[in-house]
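Student: Have a look at this one before I ask anything.
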Amino acid sequence: MTSEPVPQGCWRALQEHCHQAGLLDMRLLFRDEPDRFSRFSVEAAGIFLDFSKNRINQETLGLLFELARTTQLDVWIERMFEGEKINHTEDRAVLHTALRRRSAAPLLVDGTDIIPQIRAVFERMGRFVQAIHSGSWRGCTGKPITDVVNIGIGGSDLGPRMVVEALSEHAVASIKSHFVANIDGTDLSRTLKVLDHESTLFVIASKTFTTQETMTNAHSARQWLLEKQGSSADIAKHFVAVSSNRTEVGAFGIDPLNMFEFWDWVGGRYSLWSAIGLSIALSVGMDTFECLLTGANAMDEHFRHAPFEKNLPVILALIGIWNRNYLGAETYAVLPYDQRLHRFPSYLQQLDMESNGKTVGLDGLPVAMKTGPVLWGEAGTNGQHAFYQLIHQGSDLVPVDFIAILEDESGFAEHRKILVANCFAQAEALMKGQTTEQALAEIQQTVARIRDPEVLARHKTFAGNKPSNMLLIDQLSPRNLGALIALYEHKIFTQGILWGINSFDQWGVELGKQLATGLLGEIDGQLRPERHDSSTNGLMRRFKASLG
Ligand code: F6P
């Protein structure tokens, strides 16, 4: 039997504080601290964060900042920005921030300055996007491109898809964007059904160019085009690749001239800033894509230079640690009150859970505490009518990040008032709750005849004291969206450093991939049936029987 590791140093001090502070009651904190909102809020790079509705006081924060300092977070931040190989299990630097650097100062990876390489790829992307938008790039029968299909999965899909959706009001009118990720043929067939092959461009987006789903979809898309048009020379007009694997791109049959490169120091889930953003640029134009990078860079500069006490990503990360490791939250919800951000939670799921879903520390030993929580969410107000019941009255503590965009750009300004009012109301309700006495008083005022008002009052009681952060953004501009994404990237990085894990590898997804390859070989009859467990054997028998 293994015994639970005992927390040390600051972790232990926080544990003691947690016991002393007990369940800090936010209602009392707000009553006793009239300036709580101004003391527990901070603003940077176009994002305002109110973190006053958390079960924290000044002492909690002080201990959390001390934890960040003793973990030498500042040193780790510099290591990342300066290109040290902090992804040690893959021996790679972590330099997605270099993609959005605005200065031309050299940045060396293995002795080579990567800044000119980045600029060269962006310039090629810009020329290509311009050629597509101006119609000077034409399909094999001379038609201009009207539809762009991004074929990719994970980081080669979720980021571009989320940004294209969020910025769709900025999209150029002549281009329609599509995304195909799932290996389920339905995803591809439904997309192809609405396309004219003569005016469709496929962007095959894959860092490795070996991902089973992406390569299968890419081969089927190529086959579709060949069946319609019949010549492999036509492929060059309709297929481009975004990858770090030149050899595999060539083997697929895509002209290296039609390949946009990125590098092993860009992690898949951090890659939307690289050439993986090509489908973003094709949708909204290269200038708008650059604005996205500028916004992210503003957050990078803030993260790198602001003191921890004013540092948005650091504060969000520390509060997340407090909720996870001391208040015992197993999950947390990200609830954007803006339809344009409805894909943001799914994007964040990969960013957070693939980064911090780890239990082995940098030293190869089990980590002493719980690491990345389950992240989930949905756009408000839709979620209010689905799962909020559990957040308000369920038995689990679910901390929430609310995100509200203040200015209306939909043309229905009245809707935004209702939207934002609902967002603030949810945060207030979670914090305040409602006592049984309050519920009873309300029942007595509003319900004419009820047999047992005390029982009903108990059902209408809200415990309250549920933590939430509120992020406010004036407009969902490309710049502000860039800053918002970078905020979460750095939050997740900070938590990884404090937990002592490598946030940049993802070995946990490999085993399933290997087993799937073996099972596929068995299904196709190329491999002898293996002796699996009885469940897998039984499931395989049923599937094979269905194949006839
Ligand atoms: O399987 C997980 C993963 O490796 C992600 O980390 C990555 O974003 C995704 O697959 C897609 O990888 P690629 O861009 O190499 O196709």
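The values are calculated or read from the model by the stated rules, or taken from the named source; none is laboratory data. The structure presented is a predicted model; accordingly, all values stated were derived computationally and were not measured. We place every Cβ from the backbone using ideal geometry, glycine too, and count neighbours over all the protein chains shown. To get the accessible areas, we keep the full protein, side chains included, count just its heavy atoms, and leave off ligands, DNA and RNA. Shrake-Rupley method; radii C 1.70, N 1.55, O 1.52, S 1.80 Å.
Student: Can you name every residue in segment 436-470 that is open to solvent by 60 Å² or more (accessible area, probe 1.4 Å), out of contact with any His (no Cβ under 9 Å at 6 or more places or on another chain) and not polar (S, T, N, Q)?
Tutor: Glu437, Glu442, Ala448, Arg449, Ile450, Arg451, Asp452, Glu454, Arg458, His459, Lys460
Student: Right, here's the next one. So, of the residues in segment 129-162 that are of a type in the set (Ser, Thr, Tyr) and in a loop (DSSP other than H, G, I, E, B), which turns out to be most open to solvent (accessible area, probe 1.4 Å)?
Tutor: Ser136
Student: Pick from segment 200-217 the residues that are more than 10 Å from the ligand (Cβ to nearest atom) and in a helix (DSSP H, G or I): which of them is farthest from Leu272 (Cα to Cα)?
Tutor: Thr216
Student: So which residues in segment 182-207 are without any contact (Cβ under 8 Å) to a residue 60 or more places away in the chain, more than 15 Å from Thr146 (Cα to Cα) and surrounded by 21 or more Cβ atoms within 10 Å (Cβ to Cβ), if there are any at all?
Tutor: Leu188, Ile204, Ser206
Student: Considering segment 285-304 alone, what residues qualify as being farther than 18 Å from Phe48 by Cβ, open to solvent by 10 Å² or more (accessible area, probe 1.4 Å) and aliphatic (A, V, I, L, M)?
Tutor: Met286
Student: What single numbered condition from (1) among the small types (Gly, Ala, Ser); (2) over 20 Å from Lys491 (Cβ atoms); (3) in a loop (DSSP other than H, G, I, E, B) fails to hold for Ser38?
Tutor: (3)
Student: Here's a follow-up. Which one of these is of a type outside the set (A, V, I, L, M, F, W, C) and open to solvent by less than 10 Å² (accessible area, probe 1.4 Å): Thr112, Thr71, Thr60, Thr89?
Tutor: Within the list Thr112, Thr71, Thr60, Thr89, the selection yields Thr60.
Student: Tally the residues that are surrounded by fewer than 19 Cβ atoms within 10 Å (Cβ to Cβ) and within 19 Å of Ile145 (Cβ to Cβ), restricting the search to segment 235-257.
Tutor: Here the count works out to 3.
Student: If you check every pair at least six apart or on different chains, which have Cβ atoms under 6 Å apart with a residue in segment 266-277 that is near the ligand (Cβ under 8 Å from one of its atoms) first and a residue that is in a loop (DSSP other than H, G, I, E, B) second?
Tutor: Gly267/Phe504; Gly268/Lys207
Student: Does any residue in segment 505-533 that is within 16 Å of the ligand (Cβ to nearest atom) come within less than 6 Å, Cβ to Cβ, of a residue that is assigned to a loop (DSSP other than H, G, I, E, B) six or more places away or on a different chain, and which pairs are these?
Tutor: Partner pairs satisfying both residue conditions: Asp505/Thr89; Asp505/Glu90.
Student: Sticking with this one: Any residue that is over 30 Å from Ile235 (Cα atoms), open to solvent by 20 Å² or more (accessible area, probe 1.4 Å) and touching a helix residue (DSSP H, G or I) at 6+ places or on another chain (Cβ under 9 Å) - is there at least one of those in segment 163-173?
Tutor: Within segment 163-173 (the criterion being over 30 Å from Ile235 (Cα atoms), open to solvent by 20 Å² or more (accessible area, probe 1.4 Å) and touching a helix residue (DSSP H, G or I) at 6+ places or on another chain (Cβ under 9 Å)), the answer is yes, since at least one residue qualifies.
Student: Turning to a different aspect of this structure: Only one of Pro307, Pro313 is open to solvent by 30 Å² or more (accessible area, probe 1.4 Å), farther than 24 Å from Glu123 by Cβ and not aliphatic (A, V, I, L, M). Can you tell me which?
Tutor: Pro307
Student: Scanning segment 370-417 for residues that are out of contact with any helix residue (DSSP H, G or I) (no Cβ under 8 Å at 6 or more places or on another chain) and closer than 30 Å to Gln15 by Cβ, which turns out surrounded by the fewest Cβ atoms within 10 Å (Cβ to Cβ)?
Tutor: Ser395
Student: Related question: Considering only segment 352-364, state which residues are at negative phi, modelled with pLDDT of 95 or more and either of a type outside the set (A, V, I, L, M) or buried (at least 23 other Cβ atoms within 10 Å of the Cβ) (or both).
Tutor: Asp352, Glu354, Ser355, Asn356, Gly357, Lys358, Thr359, Gly361, listed by residue number.
Student: Can I ask one more? I need the full set of residues from segment 221-248 which are without any contact (Cβ under 8 Å) to a residue 60 or more places away in the chain, within 16 Å of the ligand (Cβ to nearest atom) and part of a helix (DSSP H, G or I), in order please.
Tutor: Arg246, Thr247, Glu248
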